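Accompanying notes for the structure given below.
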Amino acid sequence: MARTTRQVSVDDSKPASANYHANALARGLALLEMLAAASEPLTLSDFSDATALPKSTLVRLLAVLTEMEYIVRIDERPSYRLGHKVHRLASSYVSTLDLTVVAQEYLRPVAAGTGQTANLGVLDGDQVLHIGVAEPDRPLRFTTALGSRDHTYCTGLGKVLLSGLTEEQVARTVPAEPFAAFTEHTITSIEDLYRDLRRTTRRGYALDDNERSSGLRCVAVPVRVGGDCLAALSVSGPAGEFGTTKQHEYVAALAEVVEKMAVDPDFTTALRIVHRSLRSAGA
């Protein structure tokens, strides 16, 4: 006896809360998502093949979406593309995203869990821009201001961001040698910096070991979106609290958080917007 395979239906992924009346809404939204994922207009047959819905049902759903201008019928096959109202929704979504607000959902637990100051930074020209800061509830802590800037070659955030660049790009980003020394531990030559960046890449995190300020240590990890390092996440605090064991604990905690950041569409969208705006401003 021949074995038959049931065609996957769009209804298989509908929300559990969808009742008889809401099911039509769920189906309509699924059609919009199909159009958004497609590289070209979709025909009625395309929808039918992908959803397992009767063509009569699809015709009604597509007619409503067309009348409400969320999709546009472009020929007699018929085939459809997204309409201008989808752009309005997307623009409204983007305009309400604030990376500093979205990031706080991640930074506050990091600061509370480690007892150290959590920082989120991006590369802005030749500087690190702090776009997120959360301080622990304790008297002795590292303090920095949201929106403040710092050097790249002597900070954990900066070294993570530099490690994603080529040596030629690094050379164009850092100041002329010798770099300004803030402590006796500050790296002041490009060759020493290259070596530190190679170590950063191998181990997966950067260390600021009393390099920016005496008595302060920091560990930082990359925040990757789609394989690109768009930001860095760190914890900073008193050097005595950053022994080898503690450093590894902090790095593990940061790594867990950046994994969650990478799959949060609000966070990744907001981060890409900030990244594009900084790149455009520096062009």
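Nothing in this text is a laboratory measurement; each read-out follows from the coordinates by a stated rule. Bear in mind that the values here come from a model prediction, so they are computed numbers and not experimental data. We place every Cβ from the backbone using ideal geometry, glycine too, and count neighbours over all the protein chains shown.
A compact table of results
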| quantity | calculated |
| --- | --- |
| Rounded FRET efficiency, nearest 0.05, which uses the C-beta distance separating ALA26 from THR144 and R0 of 45 Å | 0.50 |
| On Cα atoms only, tilt of 244-262 relative to the major axis of the chain in degrees | 30 |
| Electrostatic dipole magnitude of the chain [Cβ: Lys, Arg +1; Asp, Glu -1; Cα centre; debye, to 20] | 700 |
| In degrees, nearest ten, helix 265-282 long axis to first principal axis of the chain (Cα) | 60 |
| Extreme residue, positive dipole direction of the range 97-282, given options ILE190, GLY115, CYS154 (C-beta unit charges) | GLY115 |
| Value of Rg to Rh for the range 138-283 (Rh from inverse mean 1/r over Cα pairs, i.e. Kirkwood) | 0.95 |
| Counted charge near VAL263, where neighbours are those whose Cβ lies closer than 13 Å (Asp, Glu -1; Lys, Arg +1) | -2 |
| Modelled label reach - ARG108, point 7 Å along Cα→Cβ, the range 125-147 residues with backbone N closer than 13 Å | 133-137 |
| R0 of 51 Å, Cβ-Cβ distance HIS84-GLU168: FRET efficiency to nearest 0.05 | 0.70 |
| Exposure rule at most 15 other beta-carbon atoms within 10 Å, DSSP loop GluC sites (Glu not before Pro): the chain longest free segment | 77-183 |
| Rg/Rh (Cα only; Kirkwood hydrodynamic radius) as it applies to the chain | 1.14 |
| Residue exposure sequence - ASP46, ASP75 - by fewest surrounding Cβ within 10 Å | ASP75, ASP46 |
| Two-site FRET efficiency, ARG279 against THR183, from Cβ-Cβ distance with R₀ of 30 Å, rounded to 0.05 | 0.40 |
| Longest exposed-site-free window of the chain, the sites being trypsin sites (Lys or Arg not before Pro) in a DSSP loop that have at most 16 other C-beta atoms within 10 Å | 142-283 |
| Folded to 0 to 90 degrees: helix 99-114 orientation relative to the chain principal axis, Cα | 50 |
| Spacing of the two label points (7 Å from each Cα toward its C-beta) at ASP228 and ALA252, in nm | 3.3 |
| Mean residue ellipticity (222 nm) of the chain, computed from DSSP H runs ≥ 4 via -39,500 (n - 2.57), nearest 500 | -15000 deg cm²/dmol |
